[in-house]
Amino acid sequence: MKKITIFLFMFLITVFFFISCNKSNSEKTFSGSVFIGIAIPETHVERWVKDGASLKKYAESRGYRAEVSYAGADQNVQNEQIRNFLKEGARLIIIGSINEGVIAAVADAAEAKVPVIAYDRIISNSADYDYYITFNNYEVGQFQGRSIEQGLDLKNSVADAPKNIALFAGAPTDGNAFFFYDGAMDILNPYIEKGVLRVVGPYPKTSNDRYNFRYIATENWLGDLAKARMKKLLSTDAKDVILDAILAPNDTLSRAIIDACLGDPKYSNSKFPLITGQDAEADSILAIKNGRQYMTVFKDTTKLAEATIILADHILSGNVTPSIPGATLASGDLVSMGDTGKKVVKAFLLEPIFINKDNWNIPVQAGFFTPEEEIKLK
Ligand code: BGC
């Protein structure tokens, strides 16, 4: 009996030893391939395809396992994708959200103690995350406004011969759209007040005027909607005037607006309004080269992706006040960029670059374009 007990005891110790060895082995494998989920909002705006690919590349180059999901601008779909990442054991989730509906999935992540990084777009009305990384979006808008100020020579213009402008904004569900608009209007409002710049169509002075803002906003950043609105403007408010400029928030909308203008005989020849943009999409660089689009803003999303993965690295190693090369932690007035309405998260900002026909080569030199895009631009 004693022998049996000793045998049983030895047997149990051996089994326990094997189980714990195996367990530490599998834990080792797991920590070697920590999983990061990357939730990208849409693909109809070109930049996001690049964002997804760069984030995955940088995550993998730092030894993470990474998966990218694209939500087709549908928040329900994205929430499902985020929840799947959680089920698959994601240790951190990077989210470029679509609208505020994302907060339910962010709350699930918080409950599972999985940190979230709000990528490029702030996640409003949530206190369930701590980090946001983006560009200085107010400055993006200021670049757009300043290009119109200079292009129309507003400083030397007089109220007797005002210049005409039409205003467009991005998705009213994307916090960035407010920053872009307010940055631009910060430059343009004084000229409107002096009467040297005249707004054709609705005029929200700032994005706080939500009532008028919704008339100039473009749901989900859809080019077709901007094109339809531009066509309508051309046959109503802008029918009997020549537009000197159009404030367009990004390249996708800019080209849609250009298309609509090209359909109007008033604009098909040399007189074309100055149309702004953002994102340095290859087709817009082409449009800048051929004089249809006036400017764009280069946000090097490759750098944004790299900085985001460095931030993820810090968070996963428990470093709560990281310093990220190439990005500045928002301070002073800019702290409000991280205000979700429920708390102020740490906002890391990268610098955007103004691009027009004189320096369009900058994104090419930065290696921003695919080989096919580069060929297009030659
Ligand atoms: C991004 C822009 C982009 C737009 C539409 C914004 O949140 O900052 O770069 O053009 O969304 O996707």
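The values are calculated or read from the model by the stated rules, or taken from the named source; none is laboratory data. Note that this is a predicted model, so its numbers are computed, not measured. Using ideal geometry, Cβ is built from the backbone for each residue, glycine included, and neighbour counts are taken over all protein chains shown. These area figures cover heavy atoms from the full protein model, side chains too; ligands, DNA and RNA do not enter into them. Shrake-Rupley method; radii C 1.70, N 1.55, O 1.52, S 1.80 Å.
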Can you find a residue in segment 250-265 that is within 16 Å of the ligand (Cβ to nearest atom), under 26 Å from the mean Cα position of the chain (by Cα), under 30 Å from Pro115 (Cβ atoms) and β-branched (Val, Ile, Thr)?
no
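Conditions (1) at pLDDT 95 or above; (2) within 15 Å of the chain's Cα centre (by Cα); (3) outside any strand (DSSP E or B); (4) more than 21 Å from Val140 (Cβ to Cβ), marked per residue:
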| position | (1), (2), (3), (4) |
| --- | --- |
| Ala66 | yes, no, no, yes |
| Gln81 | yes, no, yes, yes |
| Gly89 | yes, no, yes, yes |
| Ala105 | yes, no, yes, yes |
| Asp108 | yes, no, yes, yes |
| Arg121 | yes, yes, yes, no |
Here are some conditions: (1) aliphatic (A, V, I, L, M); (2) within 16 Å of the ligand (Cβ to nearest atom); (3) in a helix (DSSP H, G or I). Ala59 meets all but one. Which one does it not meet?
(2)
So, in segment 291-321, of the ones that are closer than 14 Å to Lys57 by Cβ, aliphatic (A, V, I, L, M) and within 16 Å of the ligand (Cβ to nearest atom), which residue ends up surrounded by the fewest Cβ atoms within 10 Å (Cβ to Cβ)?
Ala307
In segment 196-238, the residues that are more than 23 Å from Tyr138 (Cα to Cα), open to solvent by 30 Å² or more (accessible area, probe 1.4 Å) and not hydrophobic (A, V, I, L, M, F, W, C)
Asp224, Lys227, Arg229, Lys231, Lys232, Ser235, Thr236, Asp237
Consider Gln150 against the criteria (1) open to solvent by less than 10 Å² (accessible area, probe 1.4 Å); (2) part of a helix (DSSP H, G or I); (3) away from the ligand (no atom under 16 Å from the Cβ); (4) polar (S, T, N, Q): it satisfies all of them except one. Which criterion is unmet?
(1)
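Can you find a residue in segment 85-108 that is open to solvent by 10 Å² or more (accessible area, probe 1.4 Å), away from the ligand (no atom under 16 Å from the Cβ) and aromatic (Phe, Trp, Tyr)? Give the steps one after another, and end with the answer.
Step one: of segment 85-108, the residues open to solvent by 10 Å² or more (accessible area, probe 1.4 Å) are 86-89, 91, 99-101, 103-104, 107-108.
Filter once more, keeping what is away from the ligand (no atom under 16 Å from the Cβ): 86-89, 91, 103-104, 107-108.
Those left that are additionally aromatic (Phe, Trp, Tyr): none.
No, segment 85-108 contains no residue that is open to solvent by 10 Å² or more (accessible area, probe 1.4 Å), away from the ligand (no atom under 16 Å from the Cβ) and aromatic (Phe, Trp, Tyr).
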Could you list all residues from segment 176-195 that are open to solvent by 20 Å² or more (accessible area, probe 1.4 Å) and within 12 Å of the ligand (Cβ to nearest atom)?
Phe178, Phe179
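Identify, from the list Val49, Val45, the residue that is within 16 Å of the ligand (Cβ to nearest atom), aliphatic (A, V, I, L, M), modelled with pLDDT of 95 or more and part of a loop (DSSP other than H, G, I, E, B). So that I can check it myself, show each step before the final result.
Values: Val49 fails: part of a loop (DSSP other than H, G, I, E, B).
Val45 is the lone residue from the list that is within 16 Å of the ligand (Cβ to nearest atom), aliphatic (A, V, I, L, M), modelled with pLDDT of 95 or more and part of a loop (DSSP other than H, G, I, E, B).
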